[in-house]
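The values are calculated or read from the model by the stated rules, or taken from the named source; none is laboratory data. What you see is a predicted model; the values in this text were computed from it and never measured. Counting neighbours? That spans all protein chains shown, and the Cβs are built from the backbone with ideal geometry, glycine included.
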Amino acid sequence: DVKVTQSSRYLVKRTGEKVFLECVQDMDHENMFWYRQDPGLGLRLIYFSYDVKMKEKGDIPEGYSVSREKKERFSLILESASTNQTSMYLCASSTSGTGERTKGYTFGSGTRLTVV
Amino acid sequence: GIQVEQSPPDLILQEGANSTLRCNFSDSVNNLQWFHQNPWGQLINLFYIPSGTKQNGRLSATTVATERYSLLYISSSQTTDSGVYFCAVAGANSKLTFGKGITLSVRP
């Protein structure tokens, strides 16, 4: 089975800190995604990547950046953390290959970030 | 972008009951997925179903793309079915947009 691993389950950071959230997938998927989930707002796409060194903005990219230097790893960076970035962050991956079963997204277990 | 509406927002069932969860979307899609988020926050992909009908055990899903809706059926519900069910769709831009989710509570 595809496994998407997020480096931390819980994280507490101070306002103004630079924060790195790491995501690694082990099934050679081309596509990787970062979402944040907030009560009442559902999941919102922050950034995504269709290939190494490629990145595209999602719906709420402000205050975030990403890095994809290797196919299996997609990092989300909060350049200067703020309290309104307190949220659950979810990473997902999918393949661009053919076949119905390959099109579904696989999610990591999430990182609950608190900025104080 | 595509709008996704799920109904009902909340659902309470007695164990063993059946239920139907609905997802309406505002435009043509080439990707539609159903997910279950368990009480620990893990999102599990249930179906990739941009059109047609699929079944997996007690769960089945039907998408009528021409009428822009999808249904998720849960039969003989169990307490482990509790959680939040999300429908997510993507159109030509391939960006998956999630609905707000349906919170299901199955009582023993």
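Tabulated data
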item	result
Verdict on A:SER94 being surrounded by 21 or more Cβ atoms within 10 Å (Cβ to Cβ), touching a strand residue (DSSP E or B) at 6+ places or on another chain (Cβ under 8 Å) and within 11 Å of another protein chain (Cβ to nearest Cβ)	yes
Residue satisfying condition, being surrounded by 18 or more Cβ atoms within 10 Å (Cβ to Cβ), under 20 Å from B:LEU13 (Cα atoms) and within 13 Å of the chain's Cα centre (by Cα), within set B:LEU72, B:LEU43	B:LEU72
Any hit, segment B:36-45, residues being of a type outside the set (Gly, Ala, Ser) and touching a residue at least 60 places away in the same chain (Cβ under 8 Å)	yes
Number of the exception - B:PHE25 against (1) touching a Lys or Arg at 6+ places or on another chain (Cβ under 8 Å); (2) among the aromatic types (Phe, Trp, Tyr); (3) surrounded by fewer than 20 Cβ atoms within 10 Å (Cβ to Cβ)	(3)
Filter result (part of a loop (DSSP other than H, G, I, E, B) and either under 23 Å from A:PHE107 (Cβ atoms) or without any contact (Cβ under 8 Å) to a residue 40 or more places away in the chain (or both)) within segment B:82-100	B:SER82, B:GLY91, B:ASN93, B:SER94, B:LYS95, B:LEU96, B:GLY99, B:LYS100
Options B:SER60, B:SER82, B:SER77: the member that is within 14 Å of the chain's Cα centre (by Cα), more than 14 Å from chain A (Cβ to nearest Cβ) and within 30 Å of A:ASP38 (Cβ to Cβ)	B:SER82
Members of segment B:97-108 that are closer than 14 Å to B:GLU5 by Cα and crowded, with 20+ Cβ neighbours inside 10 Å	B:THR97, B:PHE98, B:GLY99, B:GLY101, B:ILE102
Odd one out for A:GLU56 among (1) of a type outside the set (Phe, Trp, Tyr); (2) modelled with pLDDT under 95; (3) more than 23 Å from B:ALA90 (Cα to Cα)	(3)
Any hit, segment B:7-17, residues being surrounded by fewer than 17 Cβ atoms within 10 Å (Cβ to Cβ), within 9 Å of another protein chain (Cβ to nearest Cβ) and of a type outside the set (D, E, K, R)	no
Any chance B:SER94 is within 14 Å of chain A (Cβ to nearest Cβ), touching a helix residue (DSSP H, G or I) at 6+ places or on another chain (Cβ under 7 Å) and surrounded by fewer than 17 Cβ atoms within 10 Å (Cβ to Cβ)	no
Residue count, segment A:9-43 (criterion: within 14 Å of another protein chain (Cβ to nearest Cβ) and under 12 Å from the mean Cα position of the chain (by Cα))	10
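Listed here are the residues, each with its yes/no results for (1) acidic (Asp, Glu); (2) in contact with a strand residue (DSSP E or B) (Cβ under 8 Å, 6 or more places away or on another chain); (3) within 11 Å of chain B (Cβ to nearest Cβ).
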residue: A:ASP59; (1), (2), (3): yes, yes, yes
residue: A:GLU69; (1), (2), (3): yes, no, no
residue: A:LEU76; (1), (2), (3): no, yes, no
residue: A:MET88; (1), (2), (3): no, yes, yes
